[in-house]
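Worksheet: one structure, shown below.
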Amino acid sequence: MADMWGMARKAQAADPAPMKNQPTQPRASTAPADSPAVTNADAAQLAAAHGRTRVLCVDDSPDLADMLARLVGASPDMINVGTLGSAERIVEEVILHRADVVVLDLTMPGPDPLAAIGLLAKHAPKCRVIAFSGFDDPGTRQAVRCAGAWDLVSKRGEPNDIIVAIRRVAGQRGGPTENVQ
């Protein structure tokens, strides 16, 4: 997690301009389900041919939310449609911005993020949720799976892990319970 914080600070120092919502793009059609990783060249071809995956980043840490937004924005096959500091209004924001994927921190003040995953499954069933947490123990994985998330990415991993997960989840078929391992 220290590497992610350092990366967030460097990204913020390199571009101090505030993040703004991006213009509307067509719904993405991404990599096939059997493709576990997409190279940058593949991502550029997908973006040119099909549009981009629309991603909403939700984390109570402004630095981490900004880092996630910048990582997503730097990927040619993705577009950051906004950031939130809590799960409050998450359903409304997903619908308003037509998010394909939500990256959601699991430990935030305010509404319970696990309950928010269930609300998204009910009110925005086409949106896929990736839980993003410093906790990746079997109990957390089970809770995320039961809530309806498509994947769990550890904050202790590499920053690119979240980009790989977004690509994987956006291209998967089936339901969320088969995907969290």
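The values are calculated or read from the model by the stated rules, or taken from the named source; none is laboratory data. What you see is a predicted model, and the numbers here were worked out from it, not measured in a lab. Neighbour counts run over all protein chains shown; Cβ positions are idealised from the backbone, glycine included.
The figures follow:
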quantity: Given (1) closer than 22 Å to residue 154 by Cα; (2) within 14 Å of the chain's Cα centre (by Cα), index of the condition residue 52 fails; calculated: (1)
quantity: Criterion: modelled with pLDDT of 95 or more and surrounded by 19 or more Cβ atoms within 10 Å (Cβ to Cβ) - qualifying residue of 30, 53; calculated: 53
quantity: Test: residue 93 is acidic (Asp, Glu) and farther than 25 Å from residue 51 by Cβ; calculated: no
quantity: Candidate set: the stretch 148-162, residues that are in contact with a helix residue (DSSP H, G or I) (Cβ under 6 Å, 6 or more places away or on another chain) and in a loop (DSSP other than H, G, I, E, B); chosen: the one nearest to residue 73 (Cα to Cα); calculated: 159
quantity: Candidate set: the stretch 124-181, residues that are among the polar types (S, T, N, Q) and surrounded by 14 or more Cβ atoms within 10 Å (Cβ to Cβ); chosen: the one modelled with the lowest pLDDT; calculated: 179
quantity: Checking residue 121 against (1) farther than 16 Å from residue 170 by Cβ; (2) surrounded by 24 or more Cβ atoms within 10 Å (Cβ to Cβ); (3) in contact (Cβ under 8 Å) with a residue 40 or more places away in the chain, the condition it does not meet; calculated: (2)
quantity: The listed residue being touching a strand residue (DSSP E or B) at 6+ places or on another chain (Cβ under 6 Å) and at pLDDT 95 or above, out of 99, 115; calculated: 99
quantity: Output for the stretch 56-82, where each listed residue is surrounded by fewer than 23 Cβ atoms within 10 Å (Cβ to Cβ) and closer than 14 Å to residue 100 by Cα; calculated: 82
quantity: Counted residues, the stretch 109-118 - those being in a helix (DSSP H, G or I) and either hydroxyl-bearing (Ser, Thr, Tyr) or more than 22 Å from residue 168 (Cα to Cα) (or both); calculated: 1
quantity: Subset of the stretch 87-102 (residues that are farther than 17 Å from residue 150 by Cα, outside any loop (DSSP other than H, G, I, E, B) and not acidic (Asp, Glu)); calculated: 95, 96, 97
